Each structure stands twice: as structure tokens, then as C-alpha cells.
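The structure appears below as C-alpha cells.
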Amino acid sequence: VLFPILLKSFNDSSVKIRSATTSCTRAIMGKLSIHGVKLVMPTLLSSVSDPAWRTKEVSIQMLGSMAYCAPKQLASCLPMIVPKLTEAFADTHPKVKEAAKSALADLGSVIKNPEVAGLAPILMAALSDTKKTKEAL
């Protein structure tokens with residue numbers, strides 16, 4: 001219930017409110033359990049499509065930070081997360097694109113399978129830059 005309100009608060013015109021929201025969100029994300037990751041995932045995924053660029057940016061950053069909270073649980077969610085991050089590369093705001101690139105790198109850094117880990121940088125480059133798609137294929 002609280003999380004969607006926090007995400008919307010990132011788009012507030014007041015710098016003080018955005019700063020307080022950042023502090024609150026960091027505290028929540030720092031204490032998030034495996035079960036908590038599962039609970040906030042749908043909200044974060046839907047917020048990536050929010051019209052407000054700040055809400056998108058923060059939602060994407062949180063998705064990336066979850067790679068370190070619960071990497072095993074996140075693996076099962078990758079089929080939902082990666083397409084959302086790929087959509088963010090087409091966003092018009094540069095900070096949203098940069099957040100998506102950073103989040104994808106964070107997710108790729110926790111891959112343990114050696115075969116996939118070797119391909120991860122090539123795949124991430126192809127997803128973030130369509131000019132590199134042929135190279136990845």
C-alpha cells in the first residue's frame with residue numbers, strides 16, 4: 001500500500017519531498033527480505049511504465065538493486081524484468097535510459113551460470129543499443 005505512494009512521491013515538485021522519499025526508499029530496500037522482493041516486484045514493474053520520468057527512473061534503479069537483495073529469487077523474475085528494462089531503452093528521457101542500462105548491468109553481474117555469464121555483456125550491449133544486435137546474434 002505504501003510503496004506506490006512512495007514511487008509517486010519521486011515526481012513531486014518539492015526537492016525536500018523527493019529527498020525524504022529517497023531516504024525512506026533506501027531504508028526499505030536495505031531491509032527487504034526475500035518475501036518482500038516478491039511483494040514489491042509487481043509494483044516496480046508497473047511503475048516502469050509510469051508517464052513520470054522520475055518514477056520510471058527510480059523503479060528501474062530499484063529493480064537493479066534487487067539483484068543484490070535476492071539474486072536467486074530474482075532469477076525466476078528475469079523474464080518479466082528484462083523486457084521492461086528493454087522498453088526503458090526507448091524512453092525519451094536520458095536518465096531513464098541510463099538507469100535501465102545500469103539496472104541491466106546489475107542484473108547481469110549476479111548471473112552464476114558460466115555459459116550465460118560469458119554472453120551477458122554481449123546481450124546487454126545488444127539490448128541497450130540496437131546497432132549491436134547483429135553482433136549479438
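The values are calculated or read from the model by the stated rules, or taken from the named source; none is laboratory data. Predicted, not measured: the structure shown is a model, and the values here were computed from it. Virtual Cβ from ideal backbone geometry, glycine too; neighbours counted across all protein chains shown. Keep in mind that these areas ignore ligands, DNA and RNA; they rest on the heavy atoms of the full protein, side chains included. Shrake-Rupley method; radii C 1.70, N 1.55, O 1.52, S 1.80 Å.
Contact map, region 1-27: first residue in contact (Cβ under 8 Å) with a residue 40 or more places away in the chain and under 16 Å from residue 50 (Cα atoms), second residue among the hydrophobic types (A, V, I, L, M, F, W, C) and open to solvent by 60 Å² or more (accessible area, probe 1.4 Å), Cβ cut-off under 9 Å, separation 6 or more or different chains; pairs are 3/39; 10/17; 11/53. Within region 15-43, restricting attention to residues that are in a helix (DSSP H, G or I) and among the charged types (D, E, K, R), the residue that is surrounded by the fewest Cβ atoms within 10 Å (Cβ to Cβ) is 16.
Residues in region 62-105 that are outside any helix (DSSP H, G or I), surrounded by 15 or more Cβ atoms within 10 Å (Cβ to Cβ) and of a type in the set (A, V, I, L, M, F, W, C): 70, 77, 89. Only a single criterion out of (1) open to solvent by 40 Å² or more (accessible area, probe 1.4 Å); (2) over 19 Å from residue 103 (Cα atoms); (3) of a type in the set (S, T, N, Q) is not satisfied by residue 49, namely (2). Per the listing 14, 59, 9, the residue uniquely closer than 17 Å to residue 83 by Cα and modelled with pLDDT of 90 or more is 59. Does residue 76 satisfy the condition of being free of Cβ contacts under 8 Å to residues at least 40 places away in the same chain, among the hydroxyl-bearing types (Ser, Thr, Tyr) and under 15 Å from residue 66 (Cβ atoms)? Considered against the rule, which asks whether it is free of Cβ contacts under 8 Å to residues at least 40 places away in the same chain, among the hydroxyl-bearing types (Ser, Thr, Tyr) and under 15 Å from residue 66 (Cβ atoms), residue 76 comes out as yes.
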